[in-house]
1. What number of residues within region 55-68 satisfy the criterion of being over 12 Å from the mean Cα position of the chain (by Cα) and either more than 17 Å from Lys16 (Cβ to Cβ) or not β-branched (Val, Ile, Thr) (or both)?
2. Filter region 14-31 down to the residues that are in contact with a strand residue (DSSP E or B) (Cβ under 9 Å, 6 or more places away or on another chain) and open to solvent by less than 50 Å² (accessible area, probe 1.4 Å) and list them by number.
3. Of the conditions (1) of a type outside the set (Gly, Ala, Ser); (2) under 17 Å from Lys67 (Cβ atoms); (3) at pLDDT below 95, Asp1 clears all except one; give me its number.
4. For region 38-52, give me each residue that is loosely packed, with under 15 Cβ neighbours inside 10 Å and in contact (Cβ under 8 Å) with a residue 12 or more places away in the chain.
Amino acid sequence: DVASAEAVLKEGKCSKCHSVDKQKDGPSFKKTAAKYKGKADAEAKLYTHLTTAPMVKIDGVEEEHTKVKSKDEAAVRNLARYILSR
């Protein structure tokens, strides 16, 4: 559900650091999809990344990745599938 995924992206202000096809502070969704392509656990790993605020490097500095604001597991899993489909 593209509209639902894009609503979660907007709510979380994900586009501040990510884009579908352009590198910003964070990787593009296209680059993320390529990283996980063909991996059976891709959706689970991305879901964990989106919901646990892991440390990420931005311009050589480690900082906590912002968690997705949605508490709806189905919506977050849909977002993960959306990112992986880019």
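1. Residues of region 55-68 over 12 Å from the mean Cα position of the chain (by Cα): 55-64.
Filter once more, so that each one left must be either more than 17 Å from Lys16 (Cβ to Cβ) or not β-branched (Val, Ile, Thr) (or both): 55, 57, 59-60, 62-64.
The qualifying residues number 7.
2. Taking region 14-31 and keeping what is in contact with a strand residue (DSSP E or B) (Cβ under 9 Å, 6 or more places away or on another chain), we get 17, 25-26.
Selection gives Cys17, Gly26.
3. The number of the failed condition is (2).
4. Thr52
The values are calculated or read from the model by the stated rules, or taken from the named source; none is laboratory data. Given the structure is predicted, the values throughout are model-derived calculations rather than measurements. In this analysis, Cβ positions are derived from the backbone assuming ideal geometry, glycine residues included, and neighbour counts consider all displayed protein chains. Surface areas here come from the heavy atoms of the whole protein model, side chains and all, with no ligands, DNA or RNA. Shrake-Rupley method; radii C 1.70, N 1.55, O 1.52, S 1.80 Å.
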